[in-house]
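Engineer: Once you've had a glance at the structure underneath, I'll fire off some questions.
Taken together, the values in this text are just the output of simple stated rules run on the coordinates, not laboratory data. Note that the coordinates shown come from a computational prediction; the quantities given were computed from them, not determined experimentally. Using ideal geometry, Cβ is built from the backbone for each residue, glycine included, and neighbour counts are taken over all protein chains shown.
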Amino acid sequence: MVHTWLRRPTLWVFAPLLIILLVAAACGDDATVAPTAVPATAVPAAAVPATAVPTAVPAPAEPAMKTSSTKRLRFATQAPWIEVVLPWRGGSWGSNLVVRTHMEPLIDVHNETTELVPNLATEWKMISAQEWEFKLREDVPYHKTGPDSSDWGTFKAADVAHVIVRNAEGKLSTDGPAFRKKFGETEADVMAALEIVDDHTIKLKPVLPDVDMDLTASSQYGNFLMHAKAQWDAEGLEGSEANPAGTGSYQLVDRDVGVWLLWERVEDHWRQTPEFEEFEMILVSEQATRMAMLLGGEVAMTELARDLHPEAISKGFKVHSTINPMTQAFGILGGTYPDDTEWYDANDPFQNVKIREAMNRAVDRDLIQREIFKGVGEPLITQAYHERLPGWNPRWADEFDEKYGYDPERAKELIKEAGYEGGIDATFLLMQFPGFPEATAINEYMFTAFKEVGINAKIEDWEYARWREQLRDTKKTHGTIHFRRTSFTTPMVVLRWYNARPPTGGGSSFWLTTEHQTNWDDAFAAPTKEKQGDLLRAIGDFKFDNYTEIPLAWLPGQAVVDPAVISDYTWPGNVDAGFDHFEYIKAAD
Amino acid sequence: MQRYIVVRLLQSLVSLVAVSMIIFLLGRVVGNPADALLPPAATDEEKARVYRAWGLDQPLYMQYARYMGNALRGDFGESWKWQGYTTADLIKDRLPATIELAVLALFFGLVVAIPMGILSAVSKDTPLDYGGKVIALIGQSVPAFWMGLILMWIFAVELEWLPTSGRGGPETYVLPVIAMGWFQVAAFMRLIRSAMLDVLDTEYVKLARIKGVSEWKVIWKHCLRNAAIAPLTYFGIILGTLIAGSVAIETVFTWPGVGKLAMDTVAARDYQVLQTIVIMFSGIYIGCNLVVDVLYAYLDPRIRYA
């Protein structure tokens, strides 16, 4: 006979739960969870065309006097591949997302106008393509760091040299290969290519011509952010990484590696005092968790895939977009090489311009824009080019519909004219890229669209690293297509990755002719920006007229914010990371 | 008994070495980290430079030998994703969080499953028993990460009773512990139920009842103790599984443990860290099995002489 009290379900349900809670209460640790405030409303900024201002000297912005009632602004985002707190220790993603919060570049990109504006450099001029002079801002103090609040003085020319040397030495720095080419591999070589005129004047004398040093100094796609040489000399790498001394509007004060980073506002910052006293970046790889954190009020800002934006908006959150596009989405046709290279394969149908045109004509870009990108973004006319970037030719936009417009019947005719009436085979390489969650949907759409016109595709799942490895053995990319994204930056950077051979270019080399490579080499060594622009335009004409890629769209970076905490976030957009200029986030209260 | 322990130890060591070799090779079959981490414009010379710096230019057997040699001295290499941090530092920082979660999940599993299993056994073929079986079925069918997301949605987003993620005060433990432990509830419950059913039908239990021993004592003192041997085997395996299988739950709840560390290193191909974690997980699993086997042999002498 069983005692009746044993049969009471409430006993078996609540007793164990009570025990669990008691145990949990006994265990525990310092919390990083600090639920934030309560909801409201915001207005996204309009896009403003950028103009290059090589030697402008506007006054610095008035420091913001407003302080939010929300002490800590919490932001959930994906972790960069390499998580760094010193700029040269990893690639541009980590550098721009994290390091730029506490360190500054010589030249900034204005968060509203997207112009290059003075920052730690008050003036700069290109004396020649191999000599640039930077006048540096005086009396900009470095953060006091460490338990004894070490004082690292103010920003000086020696700090610029120090960062160049470190980047040239850096294994994973995005600027590393370029700095090594431009300045040298060793500290001695680098210092020989620099001239420190005085504490606030430095001349950079790259051994190769470089008309884009101002872009490099804006660190939009690199690691050229300023760190205190005094700290480096005194504390070395370990001390510099433990408490990095920068001049940014926020100072890094704490960190749980791989989990979160915490910054504190620099009061009365020379450029922009943030409205939020603290800024916390929480590294959350799972998108559903980021969504939950936003909905639950634990963070005021996060990044979400575009197909989750409608749900967030329906719950009262706002989507803010970058002023510049951040990402260009396009398809790469693997294995397309000119006939004077060892990689040329005459049997590869992708070599035939009619096939490439057919592929472009098979794509309904309006449908992609509407259904996959949810109406966000603008058309990408020619891969690597934008009207706000050097080398643009308005002819491409005028002729785009005529040459690239959706026309599956014409696509079929072209394939027949090319001699492939039976169809051609292709392999889609499905790869995932940060900031491009639409890759899968695009590949799936293309698979169907191409099949309709006689291109028989199969999809393979690849890792990006595997593709890059095989790219070096260039034969292995023949017959492959993959859709990817790259950044909003000067075509010189993008072309170097995709369309130029070593030694001036990178390892990949899609679509070259001898003329194209010559144009590229000349652009690389161009003595003026105008000449470089002309050569870039010539390369762009070739790409546009020969359908070298399948351009899809320019996409902005987008942040989903809690309007009760954030009234505005206006930022210019950045390579890889997309998020920066956090000091300009405006509080709602 | 000593001979049995020594033999099992040697077997475990051999297993661990074999596992380390497989993991090391598998990691390198899919490619190398230089291509993932180097800037796109890096030339072949740049790549070669990084290969040399990281020892990736050596033959695989040399890399393995160097890794194992260093590992025996406690040096598991440096992380490539978190420059300046050693693998040992990172794992040492994160391991307590994973063990904490695993132990709590196990405890949760036991304290919920034992009474439920007993109740289900003593109330065989009643609605209580059927309810228990349904819970067991759901628990073993539902993936832990899905359970985690659902719990997060209900209790953190909709009801706002608990935080969504992170490790902090006691409230931060509730959801990940339940999500992680729920599968164990189901599994333990079934084991306890079937073991109890076997024991409840034995002659000595009938004798105890005839002699007037209280039902409470019959179940908890006589039946449960004898029924515990089979679940005990599972207990050891489960602890290893919980620690090693923490990746999904830690990722969903942004729990700063070794599982999340492993997930974070995958995209960056931070081999040094990833392979060490996987080998460590394997070692924990093998170790738990070893402890259970020895314990089992201690409890049941017939085993050690088999």
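Engineer: Apply the a/c threshold of 1.5 to the C-alpha gyration tensor of the range A:233-348 and tell me whether it is rounded, prolate or oblate.
Structural biologist: Oblate, because a/c is 1.5 or more while a/b does not exceed b/c.
Engineer: What whole-number distance in Å separates the alpha-carbon centres of the range A:157-180 and the range A:537-562?
Structural biologist: Between the Cα centre of the range A:157-180 and that of the range A:537-562, the gap is 29 Å.
Engineer: Can you give the percent of C-alpha pairs in the range A:374-506 whose distance is more than 26 Å?
Structural biologist: In whole percent, the share of Cα-Cα pairs in the range A:374-506 beyond 26 Å is 35.
Engineer: Computed from the mean reciprocal separation of all distinct C-alpha pairs, what Kirkwood hydrodynamic radius does the range B:150-306 have, in Å?
Structural biologist: In the range B:150-306 this quantity evaluates to 18.7 Å.
Engineer: Something else now. For the range B:100-164, take every pair of Cα atoms, bin their distances at 5 Å starting from 0, and report each bin as a whole percent.
Structural biologist: Percent of pairs per bin, in order: 4, 16, 16, 21, 20, 14, 8, 2.
Engineer: Could you give me the radius of gyration and the Dmax of the range A:283-390, taking only the C-alpha atoms into account and expressing both in angstrom?
Structural biologist: 19.9, 60
Engineer: Take the alpha carbon gyration tensor of the range A:354-402, find the square roots of its eigenvalues, order them as a ≥ b ≥ c, and report rounded if a/c is under 1.5; if not, report prolate when a/b exceeds b/c, else oblate.
Structural biologist: oblate
Engineer: Just name one of A:A449, B:T87, B:S194: the one whose Cα is farthest towards the positive end of the charge dipole of the protein assembly as shown (beta-carbon charges, Lys/Arg +1, Asp/Glu -1).
Structural biologist: B:S194
Engineer: Just to confirm the filter: which trypsin sites (Lys or Arg not before Pro) across the range B:76-127 are DSSP coil and have at most 15 other Cβ within 10 angstrom of their Cβ?
Structural biologist: Passing both the DSSP loop test and the Cβ count: B:K124.
Engineer: Looking at the range A:229-264, which chymotrypsin sites (Phe, Trp or Tyr not before Pro) are DSSP coil and have at most 14 other C-beta atoms within 10 Å of their C-beta?
Structural biologist: In loop regions of the range A:229-264 (DSSP not H, G, I, E or B), there are no sparsely surrounded chymotrypsin sites (Phe, Trp or Tyr not before Pro).
Engineer: May I ask which of A:K374/B:K260; A:K135/A:K205; A:K71/A:K586; A:K135/A:K156; A:K135/A:K586; A:K458/A:K543 have a Cα-Cα span longer than 20 Å here?
Structural biologist: Too far apart for the 20 Å limit: A:K374/B:K260; A:K135/A:K586; A:K458/A:K543.
Engineer: Of A:L252, A:L294, B:Y64, which is farthest along the charge dipole of the protein assembly as shown in the positive direction, counting Lys and Arg as +1 and Asp and Glu as -1 at C-beta?
Structural biologist: Value: B:Y64.
Engineer: Once you sort the root eigenvalues of the Cα gyration tensor of the range A:184-305 as a ≥ b ≥ c, which label holds: rounded (a/c under 1.5), prolate (a/b larger than b/c) or oblate (the other case)?
Structural biologist: It comes out prolate by the Cα gyration axes.
Engineer: Counting other C-beta atoms within 10 Å, and keeping those with at most 14, which DSSP coil trypsin sites (Lys or Arg not before Pro) do you find in the range A:257-320?
Structural biologist: A:K315
Engineer: Relative to the Cα centre, what is the charge dipole magnitude of the range A:290-329, using +1 at the beta carbon of each Lys and Arg, -1 at the beta carbon of each Asp and Glu, and rounding to the nearest 20 debye?
Structural biologist: The dipole magnitude comes to about 80 debye.
Engineer: What is the Cα centroid distance between the range B:160-233 and the range A:299-348, reported in whole angstrom?
Structural biologist: Cα centroid to Cα centroid, the span is 52 Å.
Engineer: Of the cross-linked pairs A:K318/A:K403; A:K182/B:K47; A:K125/A:K229, which ones have a Cα-Cα span greater than 28 Å in the structure shown?
Structural biologist: A:K318/A:K403
Engineer: Next question, about the same structure. Along the Cα-to-C-beta direction of A:A397, a point sits 7 Å from the Cα; which residues of the range A:538-561 have their amide N less than 14 Å from that point?
Structural biologist: What the label zone holds, given the 14 Å backbone N cut-off, is A:554.
Engineer: With only alpha-carbon pairs counted, each pair once and no self-pairs, how large is the Kirkwood hydrodynamic radius of the range A:235-285 in angstroms?
Structural biologist: Result for the range A:235-285 stands at 11.9 Å.
Engineer: Per DSSP H run of n ≥ 4, the term is -39500 (n - 2.57); total these for the protein assembly as shown, divide by its residue number, and report the mean residue ellipticity at 222 nm rounded to 500 deg cm²/dmol.
Structural biologist: -14000 deg cm²/dmol
Engineer: Work out which helices of chain B, taken as complete DSSP H runs, extend at least 20 Å along their axis over the Cα atoms and score a mean Kyte-Doolittle of 0.0 or more, then list them.
Structural biologist: Length and hydropathy pass: B:2-29, B:87-122, B:127-141, B:171-200, B:229-244, B:271-299.
Engineer: If Rh is defined by the Kirkwood formula over all Cα pairs and Rg also comes from Cα, what ratio Rg/Rh do you get for the protein assembly as shown?
Structural biologist: Rounded to two decimals, Rg over Rh is 1.02.
Engineer: When the scattering of chain B is computed by the Debye formula from its Cα atoms alone, each counted once and equally, what is log10 I(q)/I(0) at q = 0.06, 0.08, 0.10, 0.14 Å⁻¹?
Structural biologist: Taken in order of the listed q values, log10 I(q)/I(0) reads -0.28, -0.49, -0.71, -1.13.
Engineer: Once you put a point 7 Å from the Cα of A:M191 and another 7 Å from the Cα of B:Y61, both along the Cβ direction, what distance in nm separates them?
Structural biologist: 4.6 nm
Engineer: Please name which of A:V353, A:W343, A:P325 has its Cα lying farthest along the dipole of the range A:325-373 towards the positive end, using unit charges on Cβ (Lys, Arg +1; Asp, Glu -1) and the Cα centre as origin.
Structural biologist: A:P325
Engineer: Right, here's the next one. What size of dipole, in debye to the nearest 20, comes out for the range A:208-261 about its Cα centre when the only charges are +1 on Lys and Arg C-beta atoms and -1 on Asp and Glu C-beta atoms?
Structural biologist: Approximately 100 debye in magnitude.
Engineer: Can you list residues from other chains, or at least 5 along the same chain, whose modelled amide H is less than 5 Å from the amide H of B:G166?
Structural biologist: Distant-sequence amide H within range of B:G166: B:T254, B:W255.
Engineer: A further question follows. Among the lysines, which fall within straight-line cross-link reach of B:K133, defined as a Cα-Cα distance under 21 Å, with same-chain neighbours fewer than 8 residues apart omitted?
Structural biologist: B:K133 reaches B:K124.
Engineer: Alpha carbons only, please: Rg and Dmax for the range B:31-169, in angstrom.
Structural biologist: 24.3, 73
Engineer: Name the lysines eligible as straight-distance cross-link partners of B:K217: C-alpha to C-alpha under 17 Å, and not fewer than 8 places from it in the same chain.
Structural biologist: Leaving aside lysines fewer than 8 places away in the same chain, those within reach of B:K217 are B:K206.
Engineer: Counting DSSP beta bridges in the protein assembly as shown, what percent are antiparallel, to the nearest 5?
Structural biologist: Bridges in the protein assembly as shown are about 75 percent antiparallel.
Engineer: If you place +1 on the Cβ of every Lys and Arg, -1 on the Cβ of every Asp and Glu, and leave all else neutral, what size is the dipole of the protein assembly as shown about its Cα centre, to the nearest 20 Debye?
Structural biologist: 4200 debye
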